[in-house]
């Protein structure tokens with residue numbers, strides 16, 4: 001079935017090809033959206049040669065970590081050739097100890113693809129049939145159930161990747177067509193057979209950083225879109241408060257020199273062009289508060305951080321991260337530490353900062369919109385019946401709660417380390433914890449910006465939305481197809497959820 005399935009894919013579709021070297025964030029976006037993947041034929045020979053090197057090590061009874069020895073502190077225990085397959089299966093079973101809520105479907109799909117891509121570099125000694133199964137599971141949306149907690153981030157993501165690997169041997173659980181099944185139940189339905197593991201393959205499947213990297217990619221994709229959305233949302237806010245347009249003047253931003261700040265200011269000028277609500281300095285006030293005046297500086301710095309994160313993720317998604325690694329057709333096999341997640345741990349801790357700051361400054365803009373002492377003579381809390389109705393009062397409370405929670409989650413996970421494996425693995429990255437927290441911060445920040453969008457759109461309605469700039473009016477009108485303005489108090493949590501859904505679906509063409 002799998003061979004036929006792969007043949008059909010090659011005949012009918014133009015696929016994203018994996019070769020271990022050219023995966024990108026943009027390709028990952030397409031994979032999440034449903035595009036199919038194939039193995040680039042140009043890399044097959046290197047994979048085959050790498051596998052032959054492993055077989056030679058077993059046949060010649062060479063002592064090589066993880067191939068003919070135990071793992072961790074058992075690295076000095078020699079394993080006979082007739083037991084190497086048992087060694088690999090025992091490894092997967094014993095290491096599948098992750099706990100907590102399962103990773104989402106997009107993250108698990110990315111994990112499958114990332115692990116396949118790493119093995120295709122030809123330094124791992126894993127058979128092509130095993131790599132193909134990872135790709136087939138992703139393409140067929142047979143997604144392993146992978147609990148999200150339990151990784152130290154060195155030796156890679158051992159626990160979650162073990163759950164990812166269990167279906168290869170027909171064990172564990174998978175999610176298929178929205179339901180969770182034992183793997184063999186789906187295999188029988190799809191006419192698939194388990195693949196018995198051979199020497200090095202269990203270790204090759206789980207010794208890497210693909211859980212933290214998959215979570216990081218998903219968090220980056222969401223966070224990057226949020227950064228662009230923030231410009232549209234805050235453009236509604238600054239117009240509703242009749243903000244000062246001069247702060248976006250090109251010369252101001254060129255004089256400082258940060259390219260991201262210059263680009264943000266340029267996009268604001270484009271978004272605000274033609275607005276009848278913007279003012280010039282001295283007309284209504286001399287200066288706006290920082291949350292309006294400093295948006296290019298703050299948001300530009302956020303893009304600087306996001307650019308760093310993207311660079312590290314695109315390196316890591318094309319990296320060989322297991323141990324040992326095989327070079328020169330097996331003439332050089334080195335046991336080292338590419339599985340250590342420190343680069344991604346740092347990147348994910350760094351990503352927390354722009355996600356927090358986009359929400360922090362947004363919450364301050366929300367406060368200005370609803371506070372009658374600060375909101376440019378709009379009704380208190382944008383209520384039509386001040387006092388009788390509370391209007392948007394408690395929306396600011398929710399935003400304040402979320403940004404406070406973000407500050408707790410932003411503590412750097414990478415500064416912590418707890419020794420494991422009887423002190424053989426005595427320094428770890430906690431990279432997957434950093435990535436999970438970065439994603440949670442991004443989710444929280446989406447909700448904060450959803451509150452700002454809901455409130456700023458209400459303010460724009462009260463100010464007369466026809467006075468908005470053409471580009472923000474178009475955005476406003478599209479939003480209004482999903483969420484209406486309010487004339488009286490209602491259950492605003494439903495509006496915030498609908499706003500968040502709109503933000504996740506809207507195409508900004510950024």
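Name the residues in the range 401-410 that are in contact (Cβ under 8 Å) with a residue 24 or more places away in the chain and surrounded by fewer than 17 Cβ atoms within 10 Å (Cβ to Cβ), would you? Don't jump to the end; show me each part of the working.
We begin by selecting, within the range 401-410, every residue in contact (Cβ under 8 Å) with a residue 24 or more places away in the chain; these are 402-403, 405-407, 409-410.
Across the range 401-410, the qualifying residues are 405, 407.
Going by the conditions given, is residue 406 modelled with pLDDT of 95 or more, in a helix (DSSP H, G or I) and assigned by TED's automatic domain parsing to the domain that holds residue 227?
Values: modelled with pLDDT of 95 or more: yes; in a helix (DSSP H, G or I): yes; assigned by TED's automatic domain parsing to the domain that holds residue 227: yes.
The answer is yes for residue 406.
Tally time: how many residues in the range 445-471 are without any contact (Cβ under 8 Å) to a residue 24 or more places away in the chain and not in a helix (DSSP H, G or I)?
1
Could you tell me whether residue 127 is touching a helix residue (DSSP H, G or I) at 6+ places or on another chain (Cβ under 9 Å), surrounded by fewer than 23 Cβ atoms within 10 Å (Cβ to Cβ), in contact (Cβ under 8 Å) with a residue 60 or more places away in the chain and farther than 27 Å from residue 434 by Cα?
Values: touching a helix residue (DSSP H, G or I) at 6+ places or on another chain (Cβ under 9 Å): yes; surrounded by fewer than 23 Cβ atoms within 10 Å (Cβ to Cβ): yes; in contact (Cβ under 8 Å) with a residue 60 or more places away in the chain: yes; farther than 27 Å from residue 434 by Cα: yes.
Judged against the criteria, residue 127 is a match.
Checking residue 200 against (1) at pLDDT 95 or above; (2) surrounded by 24 or more Cβ atoms within 10 Å (Cβ to Cβ); (3) on the phi > 0 side of the Ramachandran plot, only one condition comes out false. Which one?
For residue 200, the failing item is (1).
Which numbered condition in (1) in a loop (DSSP other than H, G, I, E, B); (2) more than 16 Å from residue 100 (Cα to Cα); (3) touching a residue at least 40 places away in the same chain (Cβ under 8 Å) is the only one that residue 138 fails?
The single condition residue 138 does not satisfy is (1).
With the structure loaded, tell me whether residue 323 is in the same structural domain as residue 488 (by TED's automatic domain parsing), farther than 30 Å from residue 199 by Cα and either more than 25 Å from the chain's Cα centre (by Cα) or touching a residue at least 40 places away in the same chain (Cβ under 8 Å) (or both) or whether it fails that test.
Numbers: in the same structural domain as residue 488 (by TED's automatic domain parsing): yes; farther than 30 Å from residue 199 by Cα: no; either more than 25 Å from the chain's Cα centre (by Cα) or touching a residue at least 40 places away in the same chain (Cβ under 8 Å) (or both): yes.
Taking the combined requirement at face value, the residue does not satisfy it.
Out of all the residues in the range 251-268, which are outside any helix (DSSP H, G or I) and closer than 18 Å to residue 308 by Cα?
257, 258
Quick one: is residue 499 in the same structural domain as residue 220 (by TED's automatic domain parsing), at pLDDT 95 or above and more than 30 Å from residue 268 (Cβ to Cβ)? Give the steps one after another, and end with the answer.
Working: in the same structural domain as residue 220 (by TED's automatic domain parsing): yes; at pLDDT 95 or above: yes; more than 30 Å from residue 268 (Cβ to Cβ): no.
Answer is no for this residue.
So how many residues does the range 173-215 have that are more than 18 Å from residue 139 (Cα to Cα), more than 25 Å from the chain's Cα centre (by Cα) and assigned to a loop (DSSP other than H, G, I, E, B)?
5
When you scan the range 271-383 for helices (runs of 4 or more DSSP H) that lie fully inside it, which ones turn up with 3 or more residues that are crowded, with 19+ Cβ neighbours inside 10 Å? Spell out the reasoning first.
Values: elements: 290-293, 295-316, 342-370.
Output list reads 295-316, 342-370.
Quick check on the range 424-438: of everything there that is in contact with a helix residue (DSSP H, G or I) (Cβ under 8 Å, 6 or more places away or on another chain) and outside any helix (DSSP H, G or I), which residue is surrounded by the most Cβ atoms within 10 Å (Cβ to Cβ)?
Narrowing the range 424-438 to residues in contact with a helix residue (DSSP H, G or I) (Cβ under 8 Å, 6 or more places away or on another chain): 424-425, 429-438.
This time we only want the ones that are outside any helix (DSSP H, G or I), so: 424-425, 429-430.
Values: 424: 13, 425: 20, 429: 27, 430: 25.
Result: 429.
Given the criterion surrounded by 16 or more Cβ atoms within 10 Å (Cβ to Cβ), modelled with pLDDT under 95, under 23 Å from residue 498 (Cβ atoms) and touching a helix residue (DSSP H, G or I) at 6+ places or on another chain (Cβ under 8 Å), identify the matching residue among 442, 450, 457, 392.
On the way: 442 fails: modelled with pLDDT under 95; 450 fails: modelled with pLDDT under 95; 457 fails: modelled with pLDDT under 95.
Going through 442, 450, 457, 392 in turn, just one is surrounded by 16 or more Cβ atoms within 10 Å (Cβ to Cβ), modelled with pLDDT under 95, under 23 Å from residue 498 (Cβ atoms) and touching a helix residue (DSSP H, G or I) at 6+ places or on another chain (Cβ under 8 Å): 392.
The values are calculated or read from the model by the stated rules, or taken from the named source; none is laboratory data. Predicted model, so just to flag it, every value in this text is computed and none were measured. Virtual Cβ from ideal backbone geometry, glycine too; neighbours counted across all protein chains shown.
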